[in-house]
Amino acid sequence: MKEKEEWEKEESSASSTVVNFNEATDHYQKIMGVPSQRADLKSMPKALRWFSYFFYTVIILGAILFLVSWFIHR
């Protein structure tokens, strides 16, 4: 019960941080240097934001085209 309360407290205190759900993620964040906060696209430079939007669009369109072609050739 105590662990659940601590987890809810951590989650509510910082919604932009990545929650450590086991010892491995905690190790990677502290020792290996994995970021503990999610990337905020609105705070990035405009060129980087546009590149990320383009990248996400290409990935999504590629997945849709793959599924369409898979259904057509089936």
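The values are calculated or read from the model by the stated rules, or taken from the named source; none is laboratory data. If you're wondering where the values come from, they're calculated on a predicted model, not measured in any experiment. Accessible surface areas use protein heavy atoms only, side chains included; no ligands, DNA or RNA. Shrake-Rupley method; radii C 1.70, N 1.55, O 1.52, S 1.80 Å.
Please work out how much accessible surface residue 71 shows to a 1.4 Å probe, ignoring ligands, DNA and RNA, in Å² rounded to 10.
The accessible area comes out at roughly 120 Å².
Roughly how much of residue 69 is accessible, in Å² to the nearest 10, using a 1.4 Å probe?
Here the residue's solvent-accessible area equals roughly 50 Å².
Ranked from the most accessible area to the least, with a 1.4 Å probe and all protein chains present, what is the order of 38, 49, 74?
Working: 38 160, 49 65, 74 195 Å².
Largest accessible area first, the residues go 74, 38, 49.
Ordering 50, 70 by accessible area with a probe of 1.4 Å, largest first, what comes out? Please list the in-between numbers first.
Details: 50 165, 70 125 Å².
Ranked from most to least accessible, the order is 50, 70.
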